Every structure is written in C-alpha cells, then in structure tokens.
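Here's the structure, in structure tokens; my notes come after.
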Amino acid sequence: MGLGGQVSKEMAPTRRTGIDWAALITGLGLGLTVALQIETTTKEDWSSVYAIVTSISRTFALVGTYLALVGLLLVARIPLVERAVGHDRLVTWHRKLGPYALFLIGFHVFFVALGYAGLEQIPTAKELWKMVTRFPWMLPAFIGFIFFMAAGITSYKKVRAKISYETWWTVHLYTYLAIALSFMHQVLTGPMFIGHPLNRFFWNLLYIIVVSSLLIWRFILPVVRSLKLGLRVESVNHEGPGMYSIIMRGRNVETLGAQGGQFFGWRFLTKGHWWISHPYSLSAAPTKKYLRITVKDLGDHSGSVASIKPGTRVFLEGPYGAFTAGRASKGYVTLIGGGVGITPIRAILEEFPPQFNIDVIFRAFSRRRHYFAR
C-alpha cells in the first residue's frame with residue numbers, strides 16, 4: 001500500500017541527514033575494524049601462501065562479525081535512529097547486510113582451516129576437527145557458527161516461504177547466541193587483540209553498545225512501558241471471514257505517541273501467544289484508553305487470535321513505521337490497499353485534516369472481504 005503525495009519539505013532533509021550520518025558512522029567503524037588486522041600483521045603473516053590465506057581469513061572474521069553486529073543494531077529499535085533513518089529502511093539494510101556477514105564468517109571458517117592445514121601439511125577436515133576440539137574457546141565459537149548459518153539459511157526467501165513465522169522467529173534468535181558464543185574466541189585468541197589493549201577496548205565497546213541497545217530498547221523499555229499502560233484485551237470482534245479485531249484498553253495510551261498507520265509488536269500473555277512478538281498494524285486511530293488491531297487468519301498464529309479471552313494482559317513494542325497522515329504534504333491523497341492491508345488505511349483515514357481530499361482504492365477477492373467498507 002502507499003501514501004499519495006510527497007514527503008513534506010521539513011521531513012525530507014531530516015531523513016536524508018539521518019541516512020548520511022548513519023552511513024558515515026558505519027563506514028568509520030568498518031574502517032577501524034579493517035585497521036585492526038592491518039596494524040597487527042607481521043612479516044610472518046605474508047611469508048607463504050598458507051600464511052596469507054590464514055591472514056585473509058582473519059580479516060573475513062572481523063568484517064563479518066562487524067557487519068553482523070551492525071545488523072543487530074539496525075533492528076534494536078533505537079528511537080533516535082528509527083526517526084532519523086526510518087524503520088522500513090533499517091529493516092532493508094538489516095536484510096542486505098545479513099548475507100554478507102554470513103558469507104564472510106563462512107569464508108573465515110573455511111580459509112582458516114585451509115591455512116592451518118597447509119602449514120601443518122594435514123587434511124583440511126582433520127585440521128578443522130583439531131581446531132574445534134583443542135583450541136581455546138573454539139568449540140563454543142563453532143557452535144555459534146552453526147547457529148548463525150541456521151539463522152541465515154532460514155532467512156532466504158525460498159526457505160522462509162516454506163516455514164512458519166514462529167519457526168523463523170525462533171531460529172532467528174540464534175543470531176544473538178551465535179555472536180555471543182564467538183566473543184571469547186575472538187578477544188582471547190585473535191592475534192589482533194592479544195597484547196593490543198586499545199584494539200580489545202574498541203571491540204569490547206562494539207559488543208557493549210549492541211548488547212546494551214538490544215536490552216534497553218527491545219526488552220527493558222517495552223516491558224516497563226507495557227506495565228505502566230496496563231493494557232488488557234477488552235473484546236475480540238468478528239469482522240468477516242477469518243477476520244478479527246482485538247480491542248485493548250489501558251491507562252494513558254496517548255503517551256505512546258502512536259498514530260494511525262503505524263504498527264506494534266504484540267504479545268498476549270496467554271498460551272500460544274506470549275513467547276513470540278507478532279507485528280500487527282493499528283486498525284483504528286489510538287485514543288486515550290483504547291488501541292485496536294485487526295488480524296486475518298492466515299493459517300498460523302493469526303488463526304488463534306479469536307480464542308484470546310477478554311482480560312488477557314498485553315505487552316507491546318513500538319510504535320513503528322512512518323505511514324502516517326503527517327507525511328502528506330499535499331491536500332490530495334490516494335491510499336491503496338488490498339485484503340487485510342486495509343487495516344492501517346482504516347486507521348490513518350481518521351487522522352487526516354477535514355480539508356484533505358482523499359481517494360481510497362481497495363481490492364478484495366469478493367464483496368464479503370470488503371472489510372471496513374462501511
């Protein structure tokens with residue numbers, strides 16, 4: 001779906017500036033990461049073909065890990081970053097960085113085993129087994145590598161299309177564990193860190209920033225905010241074939257600063273709904289006490305929302321997204337949606353000033369699926 005009109009003149013430079021400084025900081029960090037390897041290499045690291053292969057593999061490890069850390073930071077839901085760059089663009093960057101991190105870390109494992117095997121003149125598979133079972137912290141790092149590969153493989157479109165959202169989400173959590181398991185191997189055995197306290201400080205700082213951001217913005221603040229709001233399900237209403245609206249009531253809901261067109265990550269504290277956060281858009285403009293979402297039964301988690309009981313506690317993350325009435329700069333707006341995509345359009349319609357001329361184009365398979373047509 002889309003929002004007609006252009007981005008307002010006040011917001012466009014801000015978004016452009018946000019992208020520029022984000023790219024600058026990311027590039028600076030990448031340069032410093034590569035410098036760790038360059039600054040600590042010796043003549044022995046370039047004395048033979050296998051020594052060169054080993055040295056290059058370490059560069060792959062550093063850059064791959066750095067990109068993985070940046071990828072996590074992009075989806076840490078930091079408000080300043082979200083406002084400056086935009087949620088959709090951050091998610092796109094996260095998805096594009098993922099394969100590069102995946103391949104570079106994979107290349108590191110292969111080439112470091114190949115390099116050491118060549119130097120010792122033994123088979124590569126034997127060398128890999130020797131490294132995993134005998135080198136300090138290598139077994140946790142290798143387990144982390146397997147987790148990272150699993151998360152990466154299940155994120156490819158063809159694989160992702162064949163598994164449920166719940167399975168993908170659970171496997172994707174292994175990324176956090178994968179990066180954590182590799183940390184000690186890096187800082188305690190990496191030549192670029194041994195005897196180089198400044199390098200180790202920089203690497204430790206990267207991990208601290210990423211871990212702190214995830215804990216604060218993805219866990220601590222959402223929990224605190226949800227407890228303050230005291231959101232509970234007030235009713236679950238049938239809207240049409242396989243379509244249900246969940247109306248939630250809480251305290252001081254307006255403090256969220258949410259707008260029609262935005263979405264939250266939702267957890268309903270009941271069996272089958274508390275473990276995984278699901279993203280659903282608001283289907284009505286928020287009020288001081290109420291939030292509403294509308295969910296279509298797609299055969300997975302969404303199919304069981306009809307069984308959620310009134311009084312169920314609700315935890316949320318958000319709001320996210322820039323599909324809001326304030327983004328329109330012209331007095332004429334065209335909103336286009338299909339199927340369940342009508343829900344954020346329904347919410348955003350309530351927030352345009354009365355002087356706006358609005359056309360809504362909505363497509364559905366049948367009249368029975370013209371949700372919210374009235």
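The values are calculated or read from the model by the stated rules, or taken from the named source; none is laboratory data. None of these values were measured; they are calculated from a predicted model. Using ideal geometry, Cβ is built from the backbone for each residue, glycine included, and neighbour counts are taken over all protein chains shown.
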- Go through region 335-348 and give me each residue that's surrounded by fewer than 21 Cβ atoms within 10 Å (Cβ to Cβ) and either aliphatic (A, V, I, L, M) or modelled with pLDDT of 80 or more (or both). I336
- If we ask which residues in region 105-135 are of a type in the set (A, V, I, L, M, F, W, C) and not in a helix (DSSP H, G or I), their number turns out to be 2
- Task: Identify, from the list A141, A76, the residue that is hydrophobic (A, V, I, L, M, F, W, C) and not in a helix (DSSP H, G or I).
- Result: A76
- Flagged in region 77-97 as among the charged types (D, E, K, R) and either assigned by TED's automatic domain parsing to the domain that holds S277 or without any contact (Cβ under 8 Å) to a residue 12 or more places away in the chain (or both), in numbering order, are K96
- Query: When residues of region 263-299 are filtered for being among the basic types (K, R) and under 22 Å from the mean Cα position of the chain (by Cα), how many remain?
  - Reply: 1
- Message: Would you confirm, using the coordinates I've provided, whether E317 is of a type outside the set (V, I, T) and either farther than 23 Å from R218 by Cβ or modelled with pLDDT under 80 (or both)?
- Response: no
- Item | When residues of region 141-164 are limited to those that are surrounded by 16 or more Cβ atoms within 10 Å (Cβ to Cβ) and not aliphatic (A, V, I, L, M), the one farthest from the chain's Cα centre (by Cα) | F142
- Got a sec? Which of K289, K271 is over 20 Å from V360 (Cβ atoms), without any contact (Cβ under 8 Å) to a residue 12 or more places away in the chain and assigned by TED's automatic domain parsing to the domain that holds P354? K271
- Message: Would you confirm, using the coordinates I've provided, whether P136 is exposed (fewer than 14 other Cβ atoms within 10 Å of the Cβ), in contact (Cβ under 8 Å) with a residue 40 or more places away in the chain and either assigned by TED's automatic domain parsing to the domain that holds T54 or β-branched (V, I, T) (or both)?
- Response: yes
- Query: Within the group A325, A285, which residue is among the hydrophobic types (A, V, I, L, M, F, W, C) and either modelled with pLDDT of 80 or more or surrounded by fewer than 15 Cβ atoms within 10 Å (Cβ to Cβ) (or both)?
  - Reply: A285
